[in-house]
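Working notes for the structure below.
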Amino acid sequence: MTAEPAPAPRRLRRARLSIAAVFCVHGAVTGSFATRIPWIQDHAGLDAGALGLALACPALGAALAMPLAGRINHRFGARTALRGLLALWTLSLILPGFAPNLAALCAALFVYGATSGMSDVAMNALGVETENRMGRSIMSSLHGMWSAGALLGSAVGTLAAHAGADARLHHLLAALALTAAGLAAVGGVLDPPGDADAPAPPHFARPPRSALLIGLVGFAAVFAEGASLDWSGVYLRDVLDTGAGPAAAATTAFALTMAVARLAGDRVVDRFGAVRTVRAGGALATAGGLLVVLWRQPAAALAGFGLIGLGVAVVVPLAFAAAARSGPAPAQAIAGVATITYTSGLIAPSAIGAVADATSLVVSFGLVTLLACTLIMGASVLGPKRAAAAAPSDNRDEPAAVRP
């Protein structure tokens with residue numbers, strides 16, 4: 001197979017901006033949907049239990065559909081696959097608002113989650129391709145752009161909700177605008193050639209073995225993320241007996257440190273390498289968990305949740321990058337890691353609640369602290385493939401700039 005010439009620096013800069021815009025568009029769909037959940041609940045006539053069932057469907061759809069992404073990528077090519085999958089995802093935003101009952105809403109959210117997961121795999125695969133061509137880390141900032149898009153979508157959604165706008169009209173207009181923006185952005189991303197000699201992946205590809213350990217590291221990070229995001233406010237209110245303001249501030253502290261760390265994380269990864277960055281992040285997250293569990297004061301808990309967010313922020317972007325380097329089929333490996341991490345996000349909030357019901361919320365966050373500690377031990381699987389194969393016990397990690 002003939003090697004593809006390296007893109008010119010200007011072309012690479014355009015590709016990076018374009019894939020960053022894709023991540024932003026993807027996040028904006030999530031933010032747009034989240035702000036109108038109360039309207040959708042009222043429109044479908046659901047109680048809290050039925051809504052909780054419906055909101056499990058996106059993660060279920062994503063987990064089942066993501067293994068299909070490798071086949072789609074191989075069949076149509078990376079950029080064409082991303083163009084189609086991203087458009088399906090943005091347009092799926094229209095569906096939930098038109099669901100008149102629980103069954104229809106579950107079906108709509110299953111499609112919403114399935115298209116989200118497949119487009120997520122496609123954009124992360126091209127993000128890793130761009131990172132490899134540039135010779136330095138960009139995945140953390142790409143995920144930071146996803147967070148920025150989610151904030152933008154939620155801000156617009158909040159204004160629409162405050163104005164009393166019908167969510168069906170809001171989501172229709174948002175979907176059309178985001179579809180147009182996404183298609184424009186995809187036009188600038190890299191279009192790496194497929195390997196004509198490579199066999200087509202199966203229609204429904206199981207996660208490759210190489211992705212399992214990487215996925216488990218991502219599982220621990222996403223579990224800590226989901227638990228902290230959903231339960232930090234409840235912890236301050238119920239365990240520390242604070243008011244609504246400090247309880248809301250806990251969630252804000254966590255989300256803010258996550259976003260800032262992702263936007264700034266690439267420089268840290270380039271300087272210290274993926275393994276040392278994740279080990280340091282695991283140490284910060286563990287320290288934050290200990291603050292939450294052992295020093296039961298509101299200020300300490302706020303600092304603790306902030307440290308957890310700071311510590312786990314870059315793990316998932318680095319897990320996707322490591323998955324892409326772990327075998328001959330990057331999209332399939334990324335799909336495997338994404339399936340594992342999505343599963344973690346699905347079970348984390350309910351698992352924390354179950355443990356809290358059986359014991360206490362303090363014990364639940366003790367579990368989160370233990371999982372954060374595993375990041376320190378498991379970080380080595382996120383290093384360059386050749387380093388892991390040649391010296392698995394070596395603590396040194398190569399910077400992103402010398403990745404193959």
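The values are calculated or read from the model by the stated rules, or taken from the named source; none is laboratory data. This one's a predicted model, so the numbers in the text were calculated from it and none came from an experiment. Methodologically, a virtual Cβ is constructed for each residue, glycine included, from the backbone with ideal geometry; neighbour enumeration extends over all protein chains shown.
The combined condition, being at pLDDT 75 or above and closer than 20 Å to Asn124 by Cα, is not fulfilled by Thr359.
Total residues in segment 279-309 satisfying the condition of being crowded, with 24+ Cβ neighbours inside 10 Å and not small (Gly, Ala, Ser): the figure is 4.
One line per residue, one yes/no per condition, for (1) hydroxyl-bearing (Ser, Thr, Tyr); (2) assigned to a helix (DSSP H, G or I); (3) closer than 25 Å to Ala34 by Cβ; (4) without any contact (Cβ under 8 Å) to a residue 60 or more places away in the chain:
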site	(1), (2), (3), (4)
Leu229	no, yes, yes, yes
Gly233	no, yes, yes, yes
Leu256	no, yes, yes, yes
Asp266	no, yes, no, no
Gly281	no, yes, no, no
Phe305	no, yes, yes, no
Leu310	no, yes, yes, yes
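Scanning segment 100-131 for residues being of a type in the set (A, V, I, L, M), closer than 23 Å to Leu173 by Cα and either in contact with a Ser or Thr (Cβ under 7 Å, 6 or more places away or on another chain) or surrounded by fewer than 20 Cβ atoms within 10 Å (Cβ to Cβ) (or both) gives a total of 3.
Yes or no: segment 255-277 includes at least one residue that is modelled with pLDDT of 90 or more, at positive phi and of a type outside the set (Asp, Glu). Looking through segment 255-277, at least one residue is modelled with pLDDT of 90 or more, at positive phi and of a type outside the set (Asp, Glu). Among the conditions (1) modelled with pLDDT under 90; (2) under 25 Å from the mean Cα position of the chain (by Cα), Arg79 misses just one, which is (1).
Is it the case that Arg83 is of a type outside the set (S, T, N, Q), under 15 Å from Ala175 (Cα atoms), crowded, with 19+ Cβ neighbours inside 10 Å and out of contact with any Gly (no Cβ under 7 Å at 6 or more places or on another chain)?
Numbers: of a type outside the set (S, T, N, Q): yes; under 15 Å from Ala175 (Cα atoms): yes; crowded, with 19+ Cβ neighbours inside 10 Å: yes; out of contact with any Gly (no Cβ under 7 Å at 6 or more places or on another chain): yes.
In short, yes.
Taking every residue in segment 131-150 that is farther than 18 Å from Cys24 by Cα and in a helix (DSSP H, G or I) and pairing it with any residue that is at pLDDT 85 or above and among the small types (Gly, Ala, Ser), at least 6 positions away or on another chain, the pairs with Cβ-Cβ distances below 8 Å are Arg133/Ala15. Taking residues in segment 66-87 that are not assigned by TED's automatic domain parsing to the domain that holds Val337, and partners anywhere that are of a type in the set (Phe, Trp, Tyr), the pairs with Cβ atoms closer than 8 Å and at least 6 places apart or on different chains are Met66/Tyr342; Pro67/Phe204; Leu68/Phe204; Arg71/Phe204; Gly84/Phe76.
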